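S.K.: I am attaching a structure below and will ask some questions about it afterwards.
The values are calculated or read from the model by the stated rules, or taken from the named source; none is laboratory data. What you see is a predicted model, and the numbers here were worked out from it, not measured in a lab. Please note: Cβ atoms are built from the backbone with ideal geometry, for glycine as well, and neighbour counts cover all protein chains shown. What goes into the accessible areas is simple: the full protein's heavy atoms, side chains included, and nothing from ligands, DNA or RNA. Shrake-Rupley method; radii C 1.70, N 1.55, O 1.52, S 1.80 Å.
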Amino acid sequence: MVDSEIELSELQRTRQEKAEALRKRGTEPYPPHAARTDTTAQAKDRYARVEPTLPEGGEDNAELTLVGRLISRRHQGKTIFAHIRDGFGELQLYIRRDDVGEEAFEDFLKLYDLGDFVQASGRLFRTRAGEVSLRVSDISMLSKALNAPPEKWHGLQDVETRYRQRYADLIANEEVREVFIKRSKIVSSIRRFLDGRGFIEVETPTLQPLYGGAAARPFTTIHHALGQTFYLRIADELYLKRLIVGGFERVYEIAKDFRNEGMDRNHQPEFTMLEWYEAYADYRHVMAMTEDLIRQIAADVFGEPRFTKDDNEIDVSAPFARKTLRDAIKEASGVDYVALLGREELLAAARAAGADIASDTVWPRIVDELLKQFVRPNLIQPTFLLDYPVELSPLAKRKPDDPTHVERFQLYIGGGEIANAFSELNDPMDQLARFLGQQRDREAGDEEAMPIDEDYVNALMYGMPPTGGIGIGIDRLTMLLTDQPNIRDVILFPAMRALPKRGPGRAVESAG
RNA sequence: GGGCCGCUAGCUCAAUUGGCAGAGCAACUGACUCUUAAUCAGUUGGUUGGAGGUUCGAGUCCUCCGCGGCUCACCA
C-alpha cells in the first residue's frame, strides 16, 4: 500500500478526513491498546445479577469499560443511543452530553461512524424501554473504519460479494457467523470423541510425490530445489495406513484435501476431510462408532438428537437403518445388479427401470448410477448402505463369503453421503493387483484412476493388521448440520475466480 | 465445459413500448435529553460490469468480453 495511489470513494474519503481530524487534535484513530473490563455478554450477566439489589431504575455502581464495533446510532438532541457489538453480543450505549462533555459528544456525532471500533466506559442501567444499557461517561476511538458497513436492515445480500469479502458478510449477517461457530463446534466435538477413544491426531504430507487414496484428478506443483513434481493430496488414506503398519493403532487426521475438478454446490477444490483408522477393527466396528459420533455431535451442537435439513426433521437417536447396497437398489429400482453381471444386461435393466445412463457407462458406474438415481435421494433418515462391488473400491477388503464384494459402507443422511468406510485391504498382493487394475483403467483414459503406489505396497508387505477406516467430509457434514444448501456457505473463504486487475480502494470490487 | 438467468449510488432495490437514471438506508447540513429499522426538514452521491454496434435517442435492442448464480455433466 505504500507506493500505490489509492483512489478512495467519496464515502471513504469522508471517513479518512475524520480520522485525520481526530489525529490533528491529538487523538490517535488507531490506538494500540484497549482497556476492556467486560464483554457485552459479561456486562449483561452482571446486570442481571445486580439488578434485584438496585432501586427502581437504579444504576449499577460499578464502572465498566466495554469495546466493540459501532453498529447503530440514534441521535436525539443532547442524547445519543447507539449499539456496539463485540464477539459476544451487542449492548446499547446511552450517551448524554451532560455526562461526557460537549467536546466528546460533538466528536462522537461528527467524527465517529457506523463500523468504527469504540471503547465506552460507564455504568449499567435499564432504560424506560427496558433495555439494559451503558450510561457512558467516557468514549474513545479504537479503530476508524473507512468502509461503511453494509445496509443495516437488509444486510449484505449480493452472493458474490458475500463470498469474496467474507469479512463484510460476517459483519452484516449474524446467521453466517452462527454457521461457522457451529462448524467449529462440530470439529471440536469430533476431536473430543476420537481423543476420548485413544486416537492420536497426526499430520501427513499435503505435498505428496504420488497421489492416492481416492479417484480424482490432483493439483500438480513443482518443488524447485528438488526439481520434482509434487501433488497436493487428494486423500490422507495411504499415509494414515502406513502409520498403522508402523504400529500406531488408532490415528486420525482432519485435513484439507485438494481435487482438481468441477465446482458446484457440493464441490470445492479444497475441502476438509476427517479420516480415522483403527487396527483390529472391521467396518462393522467403524459403523457402530460412526453412529455414536454422529449422535455425540448432534448432542454437542443442538443439545438434542434432532435437527432439520431441507425441511426434513432428522432423528439420529434411533439405531441407524442398515441395508446392503444390493437390497437398497433392488428395493428402489427392481434391478438386482448381482444377478446381472454383464454390462449390457445391467444397462438394459437399469434403463428399463427408468435410469438415465449413458451407453458407454462401465458396469461399476452403472451400479453407482442406480444408487444415485434411485436410492440416494430417499435416504433422509440416517442409513448405512453396506457391501459394495469390488470394482468400486480398490482399497477395501473383500467379503470372506463373497469376493465380488467388499466390506464397505457409506452413511447417508438428509439425502447426502456423510461417510465412506471399509475394512482396509491389507493383503499386499491383492492390493498390487487392484492397483494394476486401476493402471489399466488409467491407460484406457480414466484420468481419475489411481496410480500404482509401490511404496504403499511395500508398507503392506511389512504387515498391516486388520484395520477399519473411514473418511467423513467435514464440509458436507457441516452442510447437513447447519441446513445449508451450498458448500460455499460452510467454507469461510471459498475458491472464486480472480477478478481482473483494477484499481484498489473500491469498497466492493477491490477484493480477490 | 454446455444451457438458462443476473450485474443500476457505499448497501438493498426501482426505472412502462427504446424517451429527463430514481427510492430507502448510509453519508452531509440542521431540529429534537429514554431511542431502538427513532422521527422531522434539507443536501450530496451514477463511466447503469467493460468494449463496440443499431438508433434522433440505449439501463433497456444486437455482438464480443469479464464476473457471478442456478442447472446438466464429473466428483466427495
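S.K.: Set the bar at 31 Å for Cα to Cα. Now go through A:330/A:397; A:44/A:78; A:256/A:330; A:18/A:152 and name every pair that lies beyond it.
M.R.: Correct reply: A:256/A:330.
S.K.: Between the alpha-carbon centers of segment A:154-171 and segment A:437-477, tell me the distance in whole angstrom.
M.R.: 39
S.K.: Just the number please: accessible area per residue for segment A:10-149, 1.4 Å probe, all protein chains included, in Å².
M.R.: 53
S.K.: Using the Karplus equation 6.51 cos²θ - 1.76 cosθ + 1.60 (θ = phi - 60°), what ³J(HN,Hα) coupling, rounded to whole Hz, does each residue of segment A:147-158 give in order, writing x for Gly and Pro?
M.R.: Each residue's phi maps through the Karplus curve to give 8, 6, x, x, 3, 6, 8, 8, x, 9, 9, 4 Hz.
S.K.: If you don't mind, there's one more thing I want to ask. How big is D, in µm² s⁻¹, for segment A:321-380 by Stokes-Einstein at 25 °C and 0.890 mPa s if Rh is the Kirkwood radius over C-alpha pairs?
M.R.: 217
S.K.: May I pose another question? P(r) of segment A:261-412 in 10 Å steps, Cα pairs, percent per bin?
M.R.: For segment A:261-412, the binned pair fractions read 10, 31, 36, 20, 3, 0 percent.
S.K.: Please report, in Å, the Rg and the Dmax of segment A:275-332, where both are computed over Cα atoms only.
M.R.: My reading of the Cα-based Rg and Dmax gives 14.1, 40 Å.
S.K.: Test of understanding: express the Cα radius of gyration of chain A as a ratio to 2.2 N^0.38 Å, with N the residue count.
M.R.: 1.24
S.K.: Additional query: What are the residues whose amide H is under 5 Å from the amide H of residue A:320, where those residues sit 5 or more places off or on another chain and H is modelled from the backbone?
M.R.: none
S.K.: Next question. State, as an integer percentage, the relative contact order of chain A based on alpha-carbon contacts under 8 Å between residues 6 or more apart. Kindly include the intermediate steps, with their values, before the conclusion.
M.R.: Details: 945 pairs, mean separation 68.3, N = 512.
Dividing the mean separation by the residue count of chain A yields 13 percent.
S.K.: Can you give the relative contact order of segment A:250-291 as a percent, counting alpha carbon pairs under 8 Å and 6+ residues apart? All intermediate terms of the calculation are to be shown ahead of the outcome.
M.R.: Values: 41 pairs, mean separation 17.6, N = 42.
This gives 42 percent for segment A:250-291.
S.K.: Just the number, please: Stokes-Einstein D of segment A:449-494 in µm²/s, Kirkwood Rh from C-alpha pairs, 10 °C, 1.306 mPa s. Each step should come with its number before you reach the end.
M.R.: Working: Rh = 14.0 Å.
This corresponds to a translational diffusion coefficient of 113 µm²/s.
S.K.: Please list the non-local residues whose amide H lies under 5 Å from the amide H of residue A:200, H modeled 1.01 Å from N, same-chain partners needing a gap of 5 or more.
M.R.: Those lying under 5 Å, H to H, from residue A:200 are A:250, A:251, A:252.
S.K.: A follow-up question, please. Give me a comma-separated list of calculated 3J(HN,Hα) values for segment A:274-282, in order, Karplus coefficients 6.51, -1.76, 1.60 applied at θ = phi - 60°, integers in Hz, x for any Gly or Pro.
M.R.: 9, 10, 9, 9, 10, 5, 6, 10, 10
S.K.: Additional query: Taking the highest mean first, how do the peptides A:80-93, A:171-184 order by number of other beta carbon atoms within 10 angstrom per residue?
M.R.: A:80-93, A:171-184
S.K.: With angles folded into 0 to 90 degrees, how steeply does helix A:237-246 sit against the dominant principal axis of chain A? Use alpha carbons for both and round to 10.
M.R.: Orientation of helix A:237-246: about 70 degrees from the principal axis.
S.K.: Which far-off residues, 5 or more places away or on another chain, put their amide H under 5 Å from the one on residue A:230, with H placed in the peptide plane?
M.R.: Counting only residues 5 or more places away or on other chains, the set is A:221, A:222, A:223.
S.K.: Starting from 0.36 nm per residue, how many nanometres of slack lie between residue A:339 and residue A:402 once their C-alpha separation is accounted for?
M.R.: The residue A:339-residue A:402 span can extend by a further 21.3 nm.
S.K.: Measure of size requested: the Rg and Dmax of segment A:164-309, with Cα atoms as the atom set and Å as the unit; please supply both.
M.R.: Spelled out, the Cα radius of gyration and Dmax of segment A:164-309 are 17.9, 54 Å.
S.K.: What number do you get for segment A:246-288 when its Cα radius of gyration is normalised by 2.2 N^0.38 Å, N = residues? Numbers along the way, then the final one.
M.R.: On the way: Rg = 14.4 Å, N = 43, 2.2 N^0.38 = 9.2 Å.
That works out to 1.56 for segment A:246-288.
S.K.: Which of A:207, A:312, A:57 sits farthest toward the positive end of the charge dipole of chain A, with +1 on the Cβ of Lys and Arg and -1 on the Cβ of Asp and Glu?
M.R.: After comparing all options, I get A:57.
S.K.: I would also like to ask the following. In vacuum, with every alpha carbon of segment A:212-280 counted as one equal point scatterer, what does the Debye formula give for log10 I(q)/I(0) at q = 0.15, 0.21, 0.27, 0.28 Å⁻¹? Two decimals, please.
M.R.: -0.59, -0.92, -1.12, -1.16
S.K.: If you don't mind, there's one more thing I want to ask. Could you give me the ³J(HN,Hα) list for segment A:347-361, computed from phi with Karplus coefficients 6.51, -1.76, 1.60 and θ = phi - 60°, whole Hz, x at Gly and Pro?
M.R.: Calculated HN-Hα couplings, in order: 4, 4, 5, 5, 5, 4, 7, x, 6, 9, 9, 5, 5, 8, 5 Hz.
S.K.: Skip the ligands, DNA and RNA, and give the accessible area per residue of segment A:321-380 with a 1.4 Å probe, whole Å².
M.R.: Solvent-accessible surface per residue comes out at 50 Å².
S.K.: Which value in deg cm²/dmol, rounded to the nearest 500, describes the helix-derived mean residue ellipticity at 222 nm for chain A, given -39,500 (n - 2.57) per DSSP H run of n ≥ 4 and division by the residue count?
M.R.: Rounded to the nearest 500, it is -9500 deg cm²/dmol.
S.K.: Give me Rg/Rg_expected for segment A:10-149, where Rg uses Cα atoms only and Rg_expected = 2.2 N^0.38 Å with N residues.
M.R.: 1.04
S.K.: Mind jotting down the distance between the C-alpha centroids of segment A:297-347 and segment A:207-252, whole Å?
M.R.: After rounding, the separation between the Cα centres reads 31 Å.
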